[in-house]
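Trainee: What follows is a single structure, and I will ask about it in a moment.
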């Protein structure tokens, strides 16, 4: 009996060859979907949106550079005398809980703090102007302006804070910058923390007179905290309703969007009582929610 009769085969087995005319089908595992990069998001944004934000960026960059260079050429700033004079001048106008920080933390380290402020102001101006690293520069500039306002220097820090808030939201949404961050539960947490800060600052408001509130750091910081908290909450609401199928939430999101864009609410015309001769014009949100207005 031979090996062939026993059903044995030769080893190693012969390699199967494919004819050139026969295609070889290879199965590839599906690749996981990836979130669009910051460059892809920015490419889809109209140039008009970027042009709206560009003057703010340029203004902030020039403003921070001017402030830093002013300190750079001031000999009294290098030895800390200008910073000590600033603290003494604004002690009475500062927010009361921040006065111990000024006296026991900043005043003894005036020389170091003065150098840090001078160097980072120039750095923020360069980074905001060049756009790298934009998010970090805006956050540090936001912190500096907040510290200035806590020390009692409201003007121009309050206006800088508004512009920095706008640019930070634009970076988070991917309008500018390279790393957009979608809203999450941390966004709600930050909004809640800002509301707590606003509640604490309310106890230190000195005046409500329209002519004097601009010089009150407590009420200005309170207003900015409320403004930023509302912006964060609306950002979360818009992101949630964009993927929601609820008719009511979509209608209210549309109304908020139209208000944010300063556009009039569209109206629709419908028949009343099934008669084509009787028609009524009403806001679209009223019609979408099923509310009915009688003639």
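Every read-out reported here was derived from the displayed coordinates using simple, explicitly stated rules and does not represent laboratory data. The shown structure was predicted, so the numbers you read here are calculated from the model rather than taken from an experiment. Please note: Cβ atoms are built from the backbone with ideal geometry, for glycine as well, and neighbour counts cover all protein chains shown.
Trainee: So what is the relative contact order of the stretch 45-178, in percent, for Cα pairs below 8 Å that sit 6 or more residues apart?
Mentor: Across the stretch 45-178, relative contact order equals 33 percent.
Trainee: Also: Run the quick spin-label model on residue 66 and residue 231: label points 7 Å from Cα toward the beta carbon, then report their separation in nm to one decimal.
Mentor: 2.2
Trainee: Quick one: Cα centre-to-centre distance for the stretch 55-95 and the stretch 103-159, in angstrom?
Mentor: Distance between centres, Cα-based: 9 Å.
Trainee: Please tell me the relative contact order of the stretch 143-182 in percent, rounded to the nearest whole number, where contacts are Cα pairs under 8 Å and at least six residues apart.
Mentor: 23
Trainee: Then there's this: Calculated FRET efficiency, residue 223 and residue 181, Cβ-Cβ r, R0 22 Å, to nearest 0.05?
Mentor: The pair residue 223/residue 181 has a calculated efficiency of 0.30.
Trainee: Distance in nm between label sites at residue 103 and residue 54, each 7 Å beyond Cα in the beta-carbon direction?
Mentor: 5.1
Trainee: Sticking with this one: Among 175, 207, which comes first, then next, by fewest other beta-carbon atoms within 10 Å?
Mentor: Arranged by neighbour count, lowest to highest, 175, 207 become 207, 175.
Trainee: Restricting to Cα pairs below 8 Å that are 6+ residues apart, what does the relative contact order work out to for the stretch 121-195? Please round to a whole percent.
Mentor: Over the stretch 121-195, the number comes to 21 percent.
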